[in-house]
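The values are calculated or read from the model by the stated rules, or taken from the named source; none is laboratory data. Bear in mind the structure is a predicted one, so any value in this text is a computation, not a measurement. Positions of Cβ are backbone-derived with ideal geometry, glycine not excepted, and every protein chain shown enters the neighbour counts.
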Amino acid sequence: SISMKDEILKRILAANGEAVSGQELADSLGVSRTAIWKHMQSLQEEGYTFETVKKKGYVLTGVPNSLSPTQIELFLNTERFGREIHYFDVVDSTQIIAHKLAQEGAPDGTIIIGEEQTAGRGRMARPWESVNGTGVWMTIIVRPDVTPQQASSYTLVVAVAVTMAIKTLYKQIEPAIKWPNDLLINGKKCTGILTEMQAEADRVQALLVGIGLNANQIEADFSPDIADIATSLRLEAGEEINRAALVASILQYLEQFTELYVKEGFASIKTLWEQMSCTIGQRIEVTTLRERFEGIASGITDEGVLQLTEDNGTVRTIYAGDIKI
Ligand code: BT5
């Protein structure tokens, strides 16, 4: 079971380089010595390395740079978000798996993570580059008690949560939110969000919140298509990113903000969003499915709708689209 393995790992980590004996672990956890040994084998398969000191026990010598449930649970501080984890080495798209799991009744806060995606996607079926082991390619199944119409602003809530997590862990960088679903650092995209929905006419059954976050890529990891527009946290922060800690922090902020959003609507998060946004006040070009507008991004409504003031003074409300700053 995951929790026993986590407990063993936690105790070995807490020992801070001192040896922890298998017998001691078995006694204090109330399981057999063989059970402990099996869990140690399984941890080794996940990439943890140990030195066994004769007669003394195990010393942890290395942790994997992975997003395995064990790694995430080490940092996780939430009630529901991330408490059910589906973890894969390779997937087509975590969105596809999430759709299926949501239909089968997966609980609120279930997450799906792939180390690599072969068909990662953005909005309108655009491709999303998801190189093996470098980023966070995750979908969260969220079941908020809101109407489909209200849910359209949820992407903005996610953007605030991810920004908070990044800022908290890496004080030297500050992402800016580009409406509706991008986080930029120094003008380059480090995160994209894709929110899909399963709903009835008046009730959301599930939101499938895809987060694509570039964590440890170096320049050579980006294809020529996006080399000029993409960046990673590592490139900007100048240090290796602990993806598991980052995922745990994103989940914690998202759980908090989602609660607020369900109780009080997007209006309760709007001020934070405005502070983090690089869109408001800028001259922008908006492309929607059918039209193109140009003007000043003059504000965001309590419903999360973007307002654009054209040069002739006409105010347009933009529900969805792409903007160029
Ligand atoms: C997005 O779409 O930005 C939403 C991306 C969501 C990806 C996550 S990963 C987990 C989950 N599973 C999935 O299959 N998807 C979600 P959009 O705003 O349409 O932007 C797409 C555009 O971003 C592409 O056309 C490229 O120009 C650019 N792009 C592609 N991969 C990128 C990357 N790794 N980093 C930065 N930009 C990228």
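How many residues, within the stretch 180-198, are part of a strand (DSSP E or B) and either modelled with pLDDT under 95 or in contact with a Leu (Cβ under 9 Å, 6 or more places away or on another chain) (or both)? The number of residues fulfilling the criteria is 13. So, of the residues in the stretch 111-129 that are near the ligand (Cβ under 6 Å from one of its atoms) and part of a loop (DSSP other than H, G, I, E, B), which turns out to be surrounded by the fewest Cβ atoms within 10 Å (Cβ to Cβ)? Among those residues, the one meeting the criterion is ARG126.
For the stretch 233-325, the strands (runs of 3 or more DSSP E) that sit wholly inside it and include 3 or more residues that are touching a residue at least 24 places away in the same chain (Cβ under 8 Å) are 283-287, 292-300, 322-324. Taken together, the criteria exclude SER93 from residues that are away from the ligand (no atom under 13 Å from the Cβ) and of a type in the set (S, T, N, Q).
Among residues of the stretch 95-110 that are acidic (Asp, Glu), none has a beta-carbon under 7 Å from a residue that is modelled with pLDDT of 95 or more and part of a helix (DSSP H, G or I) at least six positions away or on a different chain. Only a single item in (1) within 30 Å of GLN307 (Cβ to Cβ); (2) touching a Ser or Thr at 6+ places or on another chain (Cβ under 9 Å) is not met by MET124, and it is number (2).
Selection of first residues in the stretch 178-206 that are assigned by TED's automatic domain parsing to the domain that holds ARG121 and at positive phi and of second residues that are among the aliphatic types (A, V, I, L, M) and near the ligand (Cβ under 9 Å from one of its atoms), restricted to Cβ pairs under 9 Å at least 6 apart or on distinct chains, gives the following pairs, ordered by first then second residue: GLY187/ILE229.
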